[in-house]
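Engineer: One structure is given below, represented as structure tokens, and several questions about it will come after.
The numbers here are math on the coordinates, done by the rules we state, and not lab data. Please read these numbers as outputs of a predicted model, since none were measured by experiment. Positions of Cβ are generated from backbone atoms using ideal geometry, with glycine treated the same way; all protein chains shown enter the neighbour counts.
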Amino acid sequence: MERGAAGLKDFELMAILIRTGVAGKDVLQVSKEILKKFPTKKLLALDFEEISKIKGIGPAKACLFLAAFELTKRALEVEDNNLPTINSAKDAVAQLQELRTAKKEHFVALYLNARNQLIYKEAISIGTLNASLIHPREVFKSAIDHLAASILVAHNHPSGSLEPSEDDLAVTKRLQEAGKILGIEVVDHVIVTRNGSASLKEKNLL
């Protein structure tokens with residue numbers, strides 16, 4: 001409070017986050033050792049498992065670190081420019097061009113991070129879209145594995161029709177319900193044809 005955050009050294013800032021030391025070492029010593037092994041830029045790149053294994057941090061403090069890192073990245077607008085951003089159905093369709101000419105129906109999931117960047121893409125099924133064949137576990141397994149914040153699903157209509165079928169709506173509703181339980185939002189379901197696309201969200205069907 002006397003010196004302000006800008007007046008503190010790196011290990012002192014680290015000590016504020018860690019709060020307590022370990023047996024035989026005070027918090028300042030622990031902080032110095034961590035920064036010696038993991039300089040600040042390297043520390044920012046660590047994931048939950050790696051941070052929680054650092055002696056003196058553990059799972060609870062790892063969550064605090066990751067939250068602080070993420071807020072900093074967002075405030076500074078630090079993004080991986082190699083990752084496309086999906087802010088609309090049009091953005092999604094740009095990542096799904098292969099569906100336009102597919103002769104069979106393909107059901108695809110786009111997995112997004114908290115900044116709506118595409119972090120993973122997966123074809124869930126190939127063949128006629130049937131509500132009984134698209135199980136939420138197949139869709140959300142990769143969402144959990146890749147730490148996705150939200151999902152956008154899409155499939156093609158080789159017939160050229162942009163109207164959603166009853167099965168399309170049933171699949172969407174089922175995935176939405178599963179997403180609410182898991183805390184992973186299904187942001188849209190997009191239908192793709194050779195000559196166009198349709199968003200269930202834009203049609204107010206989501």
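Engineer: Work from the charge dipole of the chain (Cβ charges, +1 for Lys and Arg, -1 for Asp and Glu, about the Cα centre) and give the residue of Leu200, Thr20, His189 farthest towards its positive end.
Structural biologist: Projecting each Cα onto the dipole axis, the largest value belongs to Thr20.
Engineer: If I model a spin label as a point 7 Å beyond the Cα along the Cα-Cβ vector, how far apart are those points for Lys180 and Ala123 in nm?
Structural biologist: About 3.3 nm, to one decimal.
Engineer: So what's the projected area for the range 89-199, the Cα convex hull averaged over all directions, in nm²?
Structural biologist: Projected area, direction-averaged: 6.0 nm².
Engineer: Starting from the exponent 0.38 and prefactor 2.2 Å, build the expected Rg for the range 4-139 from its residue count and divide its actual Cα Rg by it.
Structural biologist: Normalised Cα radius of gyration, the range 4-139: 1.52.
Engineer: Got the relative contact order for the chain handy, in percent, Cα pairs under 8 Å and 6 or more residues apart?
Structural biologist: 15
Engineer: Here is a follow-up. So if I take the centroid of the Cα atoms in the range 79-127 and the same for the range 150-206, what is the distance between those two points in Å?
Structural biologist: 12
Engineer: Sticking with this structure for a sec: With unit charges on the beta carbons (Lys and Arg positive, Asp and Glu negative) and the dipole taken about the Cα centre of the chain, which residue among Val153, Ile86, His135 sits farthest to the positive side?
Structural biologist: With unit charges placed on the Cβ atoms, the residue in question is Ile86.
Engineer: Let me ask you something else. Please report, ordered by residue number, every helix of the chain (full DSSP H runs) that is 20 Å or longer along its axis going by C-alpha atoms and whose mean Kyte-Doolittle hydropathy reaches 0.0. Don't skip to the end; give the middle numbers.
Structural biologist: Details: long enough: 58-75 (25 Å, 0.56); 166-182 (24 Å, -0.42).
Qualifying helices: 58-75.
Engineer: Same structure, new question: What pairs in Lys73/Lys203; Lys141/Lys203; Lys42/Lys90; Lys9/Lys55; Lys121/Lys201 have C-alpha atoms more than 25 Å from each other?
Structural biologist: Lys73/Lys203; Lys141/Lys203; Lys42/Lys90
Engineer: Now for a separate question. Spin-label point model (7 Å from Cα, Cβ direction): what's the Lys73 to Asp26 distance in nm?
Structural biologist: 3.4
Engineer: Using DSSP to call loops (not H, G, I, E or B), can you name the GluC sites (Glu not before Pro) in the range 1-69 whose Cβ has at most 14 other Cβ atoms within 10 angstrom? Can you show the working numbers first?
Structural biologist: Numbers: sites: Glu2, Glu12, Glu33, Glu49, Glu50; in loops: Glu2.
The qualifying sites are Glu2.
Engineer: Here is a further query. For the chain, what proportion of DSSP beta bridges, expressed in % and rounded to the nearest 5, is antiparallel? It would help to have the intermediate numbers written out before the result.
Structural biologist: Details: 18 of 25 bridges.
About 70 percent, rounded to the nearest 5.
Engineer: Please give the FRET efficiency for Leu66 paired with Leu205, using the beta carbon to beta carbon distance and R0 = 35 Å, rounded to the nearest 0.05.
Structural biologist: Efficiency, rounded to the nearest 0.05: 0.45.
Engineer: Which of the aspartates and glutamates could be linked to Lys61 by a straight reach, that is with a Cα gap under 13 Å, when you skip same-chain ones fewer than 8 residues away?
Structural biologist: Of all the aspartates and glutamates, those that pass the test against Lys61 - Cα under 13 Å, at least 8 places apart if same chain - are Asp47, Glu49, Glu50.
Engineer: Here is a further query. So, by mean Cβ neighbours within 10 angstrom, what's the order for 51-58, 187-194, 99-106, 40-47 with the highest one leading?
Structural biologist: 187-194, 51-58, 99-106, 40-47
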